[in-house]
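The values are calculated or read from the model by the stated rules, or taken from the named source; none is laboratory data. Keep in mind that this is a model prediction, so the values were computed, not measured. Heads up, the Cβs are rebuilt from the backbone with ideal geometry, glycines too, and the neighbour counts pull from every protein chain shown. The protein model used for the area step is the full one, side chains on, heavy atoms only, and it has no ligands, DNA or RNA in it. Shrake-Rupley method; radii C 1.70, N 1.55, O 1.52, S 1.80 Å.
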Amino acid sequence: MSNDHSQCKRRVNEFSGAIRDTGVDRIGDVLDEYYHPDAEWHGPAPIGRLTGCDEIGRGYWVPLLESFPDLEKNDYILFAGEFEGGEWVCATGNLVGTFENDWLDIPATGHATWLRYGEFHRVVDGKIAETRLLVDVLDVMRQAGYQFAPALAPEVVIPGPMTQDGVLLDEQDDEESEKTLQVVEGMIDGLHDYEEEGLDGMGLEKFWHEDFMWYGPAGTGTTRGIDGFQEYHQAPFLEAFPDREGGDHVARFAEGNYCASTGWPSVRATHLGDGWMGLPATEESVEMRVMDFWRREGDKLAENWVFIDKIDLLQQMGVDVFERLRNDRQYF
């Protein structure tokens, strides 16, 4: 792993630390220090795309800090890699703060709230030039007492790695990084055998530990083991989107025992099956923004943190979650 990667990781890690000590009046200075002036920022619905430090501040950070004045940003996974010539740093963890004022029309609770995030930063000359960020907005609604649809699996505050070694600020062994990437890519290739072989033909046991943990987004939940993963997530998802295929990857790389991937979109599909998120099939074509973070243990994967921009996906399926929240909070 090159020294440039280490410098990029430490820079992004410093940015996370700076968020803990800032507020609405100082966030502009923090962004100026860590971002290029014309940086691209792509976030979850309903925020979307922002350009430049001023827009990033006004469109995302200022409203967030107004709603959670004591906000902390805690990365429990952070590592780096190259993808198509770009230097990337990815991170996932929790933003934690007291929900004092409404955010995105979600009613404030006055209680501690966990905002689960995944992010990819492309770093150029020591500053962030591009960010891809997903926040589990649907989970913030859940914590505020508004649940769009019952999840099949438990919805919990997602933990960091069992090994507590996910923040990789130092250099990692290149052979271990390549091994991790090969395991992940082999697993992904196996997933596409569903149409011909069905769930039992995917061969997940070749890639996943028997008791692996899959940490899913709100509306899906967290599962344990291959059977739990297939029953509570994979089978309902594939029944709803049987023709899914890969989309446009922004980055996929591994470092040490960790790998991460994202696309904008990551998946394209048609909503052909009933029941997912409690909805009937719409037969609409959809695109999904997805992020995955994996931890390898030995020759297999042990943990997987998953993000789906469900607000955006549901909008494509004809469901405006925020309109329902605004017009009839009792719906939830």
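Residues that are in a strand (DSSP E or B), more than 20 Å from Glu155 (Cα to Cα) and open to solvent by 10 Å² or more (accessible area, probe 1.4 Å): does the range 217-232 have at least one? No, every residue in the range 217-232 fails to be in a strand (DSSP E or B), more than 20 Å from Glu155 (Cα to Cα) and open to solvent by 10 Å² or more (accessible area, probe 1.4 Å).
Arg326 meets all of the listed conditions (1) out of contact with any Leu (no Cβ under 7 Å at 6 or more places or on another chain); (2) open to solvent by 60 Å² or more (accessible area, probe 1.4 Å); (3) modelled with pLDDT of 95 or more but one, namely (3).
So Thr282 passes all but one of these: (1) within 21 Å of Glu155 (Cα to Cα); (2) at pLDDT 95 or above. Which condition number does it fail? Among (1) within 21 Å of Glu155 (Cα to Cα); (2) at pLDDT 95 or above, the lone unmet condition for Thr282 is (1). Identify, from the list Gly298, Gly278, the residue that is open to solvent by 10 Å² or more (accessible area, probe 1.4 Å) and over 22 Å from Phe212 (Cβ atoms). Unique residue meeting the criteria: Gly278. Taken together, Ala45, Ala18 contain a single residue that is touching a residue at least 40 places away in the same chain (Cβ under 8 Å) and of a type in the set (A, V, I, L, M, F, W, C), which is Ala45. Here Gly145 fits the description: of a type in the set (Gly, Ala, Ser), over 20 Å from Gly216 (Cβ atoms) and either open to solvent by 20 Å² or more (accessible area, probe 1.4 Å) or not in a strand (DSSP E or B) (or both). Checked against (1) open to solvent by 60 Å² or more (accessible area, probe 1.4 Å); (2) under 17 Å from Asn304 (Cβ atoms); (3) assigned to a helix (DSSP H, G or I); (4) out of contact with any strand residue (DSSP E or B) (no Cβ under 6 Å at 6 or more places or on another chain), Glu178 passes all but a single condition, namely (2). Within the range 42-67, the set of residues being open to solvent by less than 40 Å² (accessible area, probe 1.4 Å), outside any helix (DSSP H, G or I) and more than 26 Å from Glu100 (Cα to Cα) is empty. In the range 271-290 there is no residue that is assigned to a helix (DSSP H, G or I), touching a residue at least 24 places away in the same chain (Cβ under 8 Å) and of a type in the set (S, T, N, Q). Of all the criteria given as (1) aliphatic (A, V, I, L, M); (2) open to solvent by 20 Å² or more (accessible area, probe 1.4 Å); (3) outside any strand (DSSP E or B), the one not satisfied by Met213 is (3). Taking the conditions (1) within 14 Å of the chain's Cα centre (by Cα); (2) buried (at least 20 other Cβ atoms within 10 Å of the Cβ); (3) over 28 Å from Glu33 (Cα atoms); (4) not small (Gly, Ala, Ser) in turn, Pro159 satisfies each one other than (2). Evaluated against (1) within 30 Å of Glu178 (Cβ to Cβ); (2) out of contact with any Lys or Arg (no Cβ under 6 Å at 6 or more places or on another chain); (3) hydrophobic (A, V, I, L, M, F, W, C), Ala302 falls short on exactly one condition, (2). Taken across the range 72-81, residues that are open to solvent by 30 Å² or more (accessible area, probe 1.4 Å) and either in contact with a helix residue (DSSP H, G or I) (Cβ under 9 Å, 6 or more places away or on another chain) or among the small types (Gly, Ala, Ser) (or both) do occur, with at least one present. The set of residues from the range 93-125 being surrounded by fewer than 17 Cβ atoms within 10 Å (Cβ to Cβ), in contact with a Ser or Thr (Cβ under 8 Å, 6 or more places away or on another chain) and not hydrophobic (A, V, I, L, M, F, W, C) comprises Thr98, Glu100, Asn101, Asp102, Gly110, His111.
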